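Please treat every number below as a calculation from the coordinates, not as lab data. In this text, all values refer to a predicted model and were calculated from it rather than measured experimentally. Note that we place each Cβ from the backbone using ideal geometry, even for glycine, and neighbour counts take in every protein chain shown.
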Amino acid sequence: MQFELSSEYIDHLKNAIAEKNDAHLQEQLKELYAVDIALILNNLNVDEANYLYDILDEELAADCLLEMEEEKREALLATFSTKEIAEQLDNMESDDAADVINELPEAIQDEVLAQIEDIEQASDIADLMSFEEGTAGSLMAKELVSVYAHETVTACIDEIRRQTESVDVMYAVYVVDDNEKLIGMLSLKKLIISHPLARVEEIFDADVISVKTSAPSEEVAELIQKYDLVVLPVVDQLGRLVGRITIDDVVDVMREEAEKDIQLMSGITDDVDSNDSLWRLSKARIPWLLVGMCGGIVGSRIIGSYEQQIQLRPEMAFFIPLIGAMGGNVGVQSSAIIVQGLASNTLIADRIAPKLLKELGVGLINGLICSSLILGYNLLVSESWALAATVSVALFTVIICASFLGTFVPLTMNRFKINPALATGPFVTTLNDIIGISIYFIVGRLLYSVF
């Protein structure tokens, strides 16, 4: 059954912690997963979390530490000695341990690394910390299972038994040559059914997808998603096998990228969450709010320039919000489709023109439907043919223009290496508001002179 955290449950645990009732606490936690216990730790103060953490099994405690919110984890680790932190890292895979160390103050990182008893683990962590953030090297774990191509099946099985002691889950067996270069993969099925004296080079699969340590994390996520992989081997510049990236690490990357794009689409420029300080939250939001405000000022100046026209035909003012809102909505819809295509690499560079034409076609259909409906509404509630025609024609034109801008702007941003997610937020909305109001009054001036 799925665990659901409640304030009553937290209060119950807090009372047990205050009473130092370890047996009851262990009874409460024994059926929970690490992610559930981490959720509980996130909702305790530092002293309470420290007490609860101390009664957990070593391996479970390490898993819980990884699942905690970054801010809460940092606060908890601040209460540990460097020796205690090193002991926690001993129970983690190298990539997770490297992530935790990178979150620590630089002044104690080397000290923690020196306190790790497993020299090989410490060396692996140090290697991973040397890779630039956001690359395959920074995502990979050093723990993997590999065999040499010249080995027999029997020797291969013995080697796998030895290596799996340091690997929690074995997704694949990699085949390397005498120079440690990755040359293929070996399926467990072939390993089991093959003759004990057969050599690995006779039964392995040379068709293997790998990525270099310098590859950006977005490329890693794309490869795993495109080819439905659960694990991806990582090689250095010489093609030597140095690590593996599992699907759980890539899911984290995908989530972070999605959160970043959602924030950009909402007009938030920095990576923030609800736990950040008031100043950081405000600083992340204010730039695009100012852009929107400037756009509003420009829009008001445009309306002001048609003051005489509004005085003569005040009924036109009633539909200004409609024109602005429809232009903004259509622009956001069009840009969202384009951004999605760019993010998933389904939008091919040499097929951009057909995409523009298609979006204009969609705008044409939507424009005809919406303008026809508003025309019918105005004819029913208003006796002014000029107003009905002006709103209908202006709305049709605004929808067409907004569809074009919503498609063209993100494509242009992407061409100049600017995150196109910005185009689905305040930028395109503000731009469409200004253009939409201008179109409305220009059409009004033309049609009122005719009717």
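Could you check the simple spin-label distance between HIS12 and GLU151, using points 7 Å along Cα→Cβ, in nm with one decimal? Each label point is offset 7 Å from its Cα along the Cβ direction, giving 5.0 nm. Candidate cross-link partners of LYS83 among the lysines, defined by an alpha-carbon separation under 20 Å and a same-chain spacing of 8 or more, comprise LYS72. Look at the dipole of the chain built from charges on Cβ: of GLN115, ASN91, VAL398, the Cα furthest out on the positive end belongs to VAL398. Excluding same-chain neighbours fewer than eight residues apart, the aspartates and glutamates reachable from LYS30 by a Cα-Cα span under 13 Å are ASP22, ASP57. Net charge dipole, the chain: roughly 4080 debye, given to the nearest 20, about the Cα centre with Cβ charges of +1 for Lys and Arg and -1 for Asp and Glu. Here the peptides 230-239, 93-102, 426-435 are ranked by packing, the mean other Cβ count within 10 Å, and the order with the highest first is 426-435, 93-102, 230-239. Sequentially through the stretch 195-208, phi angles give Karplus couplings (6.51, -1.76, 1.60; θ = phi - 60°) of 5, x, 9, 5, 8, 4, 5, 8, 10, 7, 9, 7, 7, 10 Hz, Gly and Pro residues having no value and appearing as x.
Relative contact order of the chain: 11 percent, from C-alpha pairs under 8 Å at least 6 residues apart in sequence. Placing unit charges on the Cβ atoms of the charged side chains and taking the dipole of the chain about its Cα centre, the candidate lying farthest along the positive direction among GLN163, ILE247, ALA78 is ILE247. For the chain, the antiparallel share of DSSP beta bridges with both residues in that region comes to about 70%. Note on ASP236 and ALA107: the model spin-label points, each 7 Å out from Cα along the C-beta direction, lie 3.4 nm apart. Could you state the angle between the C-alpha long axis of helix 352-381 and the longest principal axis of the C-alpha atoms of the chain, as a value from 0 to 90 degrees rounded to the nearest 10? Helix 352-381 sits at roughly 50 degrees to that axis.
Summing Cβ point charges (Lys, Arg +1; Asp, Glu -1) relative to the Cα centre of the stretch 19-155 gives a dipole of roughly 80 debye.
In straight-distance terms, cross-link reach from LYS14 covers every one of the lysines whose alpha-carbon lies under 16 Å from its own, apart from those fewer than eight places away in the same chain; here that gives an empty set. A straight chain from ASN21 to SER166 at 0.36 nm per residue would run longer than the Cα-Cα distance by 48.7 nm. In the chain, the longest principal axis of the Cα atoms and the axis of helix 217-226 are about 90 degrees apart. Derived scalar couplings between HN and Hα for the stretch 102-116 equal 5, 7, 6, x, 4, 5, 10, 4, 5, 5, 5, 4, 5, 7, 5 Hz in order, rounded to whole Hz, by the Karplus curve 6.51 cos²θ - 1.76 cosθ + 1.60 (θ = phi - 60°), x for Gly and Pro.
The charge dipole of the stretch 145-255, taken about its Cα centre with unit charges on the Cβ of Lys, Arg, Asp and Glu (plus for the first two, minus for the last two), comes to roughly 160 debye.
Taking all Cα pairs closer than 8 Å and separated by 6 or more residues, the relative contact order of the stretch 159-264 comes to 21 percent. Angle of helix 153-163 to the longest C-alpha principal axis of the chain, folded into 0 to 90 degrees and rounded to 10: 80°. For the set LYS181/LYS417; LYS142/LYS181; LYS212/LYS355; LYS189/LYS212, the pairs lying more than 26 angstrom apart at their alpha carbons are LYS181/LYS417; LYS212/LYS355; LYS189/LYS212.
Estimated at 0.36 nm per residue, the fully extended path between ILE310 and LEU373 surpasses their Cα-Cα distance by 20.3 nm.
Dividing the mean sequence gap of close Cα pairs (under 8 Å, 6+ apart) by how many residues the stretch 7-133 holds gives a relative contact order of 20 percent. If R0 is 60 Å, the Cβ-Cβ spacing of GLU4 and GLU383 corresponds to a FRET efficiency of close to 0.50. In order along the stretch 85-92, phi translates into HN-Hα couplings of 5, 4, 5, 5, 5, 4, 9, 10 Hz, rounded to whole numbers, per the Karplus curve 6.51 cos²θ - 1.76 cosθ + 1.60 with θ = phi - 60° and x for Gly and Pro. The listed peptides 139-151, 61-73, 292-304, 325-337, ordered by packing as a protection proxy, come out as 325-337, 139-151, 61-73, 292-304 (highest mean of other Cβ atoms within 10 Å first). Close amide H pairs (under 5 Å, H built 1.01 Å from N) link ILE183 with VAL175, VAL176, ASP177, residues at least 5 positions away or on another chain.
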